[in-house]
Each structure stands twice: as C-alpha cells, then as structure tokens.
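Below you'll find the structure, written out as structure tokens, and then a few comments.
The values are calculated or read from the model by the stated rules, or taken from the named source; none is laboratory data. If you're wondering where the values come from, they're calculated on a predicted model, not measured in any experiment. Note that each Cβ is placed from the backbone with ideal geometry, even for glycine, and that neighbours are counted across all protein chains shown.
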Amino acid sequence: MTDDSPLVADNMSMFFDDTGMLWGPGQPMPVSLLSSGKSATPRHNFDGQVLSMLMSPAMPSQSLDELGINYFMTNYVIEDSGPCPGVFNYASNILAGPVRDAELARIAIRAVGLAGLASSTGADSIMRKVRSSYAEAIERVNVALVDSRVARNDSAIFAVMVLGLFESITCSGEESLEAWKSHINGAASLLMLRGTSQFHTRQGLQIFGEAVSHVLTLCSRYDQPIPPRLRYLRVEMERKVNGKSPSWILSTAHIEVMNLYNQVQPEQATPFLIGEWETLLSHAAELSQRLENLFAELPVSWRSKTVSDPTANPRLVFQGKYHIYYNTWIAKVWDVMRACRIILNQVIYCLLLREGLAWAPHEFSDGGAYTSLLQRTSDTMTEMRDDILASVLQMLGFIQHEATTGASYMDCSSTADPTRLVPASGAYFVVWYLYLAGSLPINTPETRE
C-alpha cells in the first residue's frame, strides 16, 4: 500500500484482490497444551471427531463442507454472554434466512472454516478443497455485489468480513495483507452503501459495530484516519443505542487516536508543527489518561486476573506473567486500549523529540516542563506491551477458562501433549496487537524473541 492510496475503495468492483489462493501452510498454529487428566468437554469431542474424519482415506466432499462450517461456528462465533455482546453470533440467523442470502454466507463460512481447520491440524488432505472453496467464495461474493440491493443485505457484508478472516488465517506475506485490506475496504464501502437503514434492526446494529472494529484495525495497521462518512454513521447509530458500553467509548477514542496520529505524522523527520505541537501533545496525554481512567473503573466482569508463575515455559509466558479474562473478546477490548495508548505515546515521543527539541529545547533541561515526560512515555509503552503479551496465552488457547463458573486451568509445560485444536477467534483477535507490541523500538532483542 502506498501512502497516497485511499483507505476505502470508491469502485464497488475493487472490493477484492482477485489473486487466487494465497495459502502458505507453514507450521500448524500453536495448540493448547492440556494435561491428560482433564475430562473431555464438548469442544474436545468435536476436535476428536475432526481429527478422526481427516484421517479417513476418502472423505466425502459433503462431509468436508459440513466440517468447515462446523469448525467456523465452533471457533469464530462467540455467543452473547456476560459483558460480551457476542461476535458473529447472528451467523445462524443468516444461514436460516432467505436461500440466496444463506448460500452466500454458507460459501464464505465454509472457505474460512476449512482454512482454519487445515491451519490448525496441518492436514494436507484438504488443501485442494480449501483453495477451491476460497476461489468460489470470492467469485460468488463479487457477483452478488453487482446488485446494489443484494449488496445492502446483511449476508453480503457478513460474507465480506468472514473472507477477511481467511486472509489472516492463511497469511503468507504482503500479498495476503493487501488482500485482507481489500476485504476490509469492501466492508467499509458496504457500511456506507447501507446507510442509516442498517440501524433499523438489532442485527444490523451489531454488524455495523463489528465491521467498524475491523476498519479501525485496518486504520491502525496503515496509519490512516477513519473515513468521515463512517464517523457520521457512528453518530447516527449512537441515536439508536441506549447507553454506551466500554467498547463503544473505546472505539470513539480509537477514532480520535488515529486522527491525532495522522495530524502529527510521526514518520516525518523534519519539525513542522511550530504553532501546534504543544496543543497536540496535551491532547495525546489527556486522551491516554482518559483511556487509563476508563479501564480502571470497569466493573469486575471486565477485569482480568493476573497470574505470576516463574516456572511457566518462557517460550509461551513472557516474564512469568499472564492474564485470564472473561473470554477472548474481553481480552481483545483490553488490547485495543493498550494499542491506542501505545500509539498515543508514540505520538507524544515524536512531538517531544521532533518538535519540542526544535522549538522549546529549554523545556527539557533540569526543571523544564517536559524533563520527565520522555521516561514516562517509555514506561507506559513498556507496560502496555507487557500486558498485551500477557493476554496472548488465553488468546491462543493455552488457558481454558469457563466464563460462567470462573474456573480456569492451563498447562504450558514443554512436555505436555497437544490434545485439542486452537479456538481460532483469539488468534485472529491478537495478531495485530502482537505485531504492534513486537515492533516497538524500545524492545530488546530478548523481548523480540
């Protein structure tokens, strides 16, 4: 992506990269290492059935299709529970809807489910089916989007978001990132095409919120502000929603963060904000503090338990510390906040070194206004990075946590045997935040490893 390329495609025919299958299997995804003494759960039974069927010499195509769909529904759908509003938990409604809508959703779900299954198990036997399913899904979605009435349906934007997951599962380099960007751009364009009519149903409201979160991730990845029309639609959506959840308040702040980043342009080496830099600096500091205060005041159900285990496998547990959250979606919300504060402190750091030293160098001497701010900025980024790393264990399925009972257990020992597949939604949630945490200039070589 070049710096001057638009974030959102204007042409509806440009929704997707028609590059074919971008599959690069590599190594299987990490698996949860549970002790053999744990009793089987329905999830474990499903995993066992999957592995058994994959090992059969000749699996019927219909059975493989159902496996892909079941894998998606088990791994990527999170039900409404406690503080979590759910993720893709309307998929069953769409599949039970009008035939044309259901078929479009089914094809996209099958492609992603099979890709996740292949990635988790390393099963080469289904690779050909993965490739053909993805190609068919891309073709069917593009055909559907030619009709603007179909493009406004919930099934269309759902299928586009689902195919965005595919690129994350099969990521093989920059080409996959570009394809993922195309899918999320397509989702953003569909949101704007759907307009305020999408707010007439609860399902439409939820789809809008989920799609905007994908767009915000894209904006963060490519250092772009959110499109103005989407900001307007969020204002209109707010009129339909009673009360503001922490995730809604956070997404509003996230939009501010990316606008501020775009104003400051940290990638620029030459100072250019002589009359604005201190205003922008105070805005960034205030916004970071606002986010810290918001999450400090969250109810108990939103908070995590911190576990210190100096004996944990250091390849999996950073500095012997990990977090346990209500579920992976709650963990993701916390990681969004941490990413926002990292970006804000990158902005502060840039303003201090690029602008402050150029226009007010005296403020950095003993007793100056900004003498201690550089160190606090570095400390905050380190804290946010460490907390993102502490969330990874649960995101990748090494921690089993029953949200309804609060019970949890784990096994990160190097000798444990993998006995189940990864809950793939957590891995998708954490990938960008892990990349951000790992790419910070403050990281030592040991931290990067």
- So which residues in segment 311-328 are buried (at least 22 other Cβ atoms within 10 Å of the Cβ) and part of a helix (DSSP H, G or I)? THR328
- Query: Got a sec? Which helices (runs of 4 or more DSSP H) wholly within segment 54-165 have at least 2 residues that are of a type in the set (Gly, Ala, Ser) and farther than 24 Å from SER213 by Cα?
  - Reply: 61-75, 99-121, 127-145
- Here the residues within segment 241-290 that are over 26 Å from LEU230 (Cα atoms), among the charged types (D, E, K, R) and surrounded by 15 or more Cβ atoms within 10 Å (Cβ to Cβ) are GLU278
- Message: Looking at (1) part of a loop (DSSP other than H, G, I, E, B); (2) exposed (fewer than 13 other Cβ atoms within 10 Å of the Cβ), which one does ASN293 not meet, given that it meets all the others?
- Response: (1)
- Note on the structure: All-but-one check, ALA179 against (1) at pLDDT 95 or above; (2) of a type outside the set (D, E, K, R); (3) touching a Leu at 6+ places or on another chain (Cβ under 7 Å), failing number (1)
- Kindly indicate the residue of segment 311-328 that is of a type in the set (S, T, N, Q) and over 15 Å from GLY397 (Cβ atoms) and also modelled with the lowest pLDDT among those meeting that condition. THR311
- Scan ARG221, ARG234 and give me the residue that is under 23 Å from ALA151 (Cβ atoms) and assigned to a helix (DSSP H, G or I). ARG234
- Query: Going through segment 193-213 one residue at a time, which ones are among the hydrophobic types (A, V, I, L, M, F, W, C) and within 20 Å of the chain's Cα centre (by Cα)?
  - Reply: LEU205, ILE207, PHE208, ALA211, VAL212
- Only one of (1) surrounded by fewer than 15 Cβ atoms within 10 Å (Cβ to Cβ); (2) at pLDDT 95 or above is not met by ASP124, so which one is it? (2)
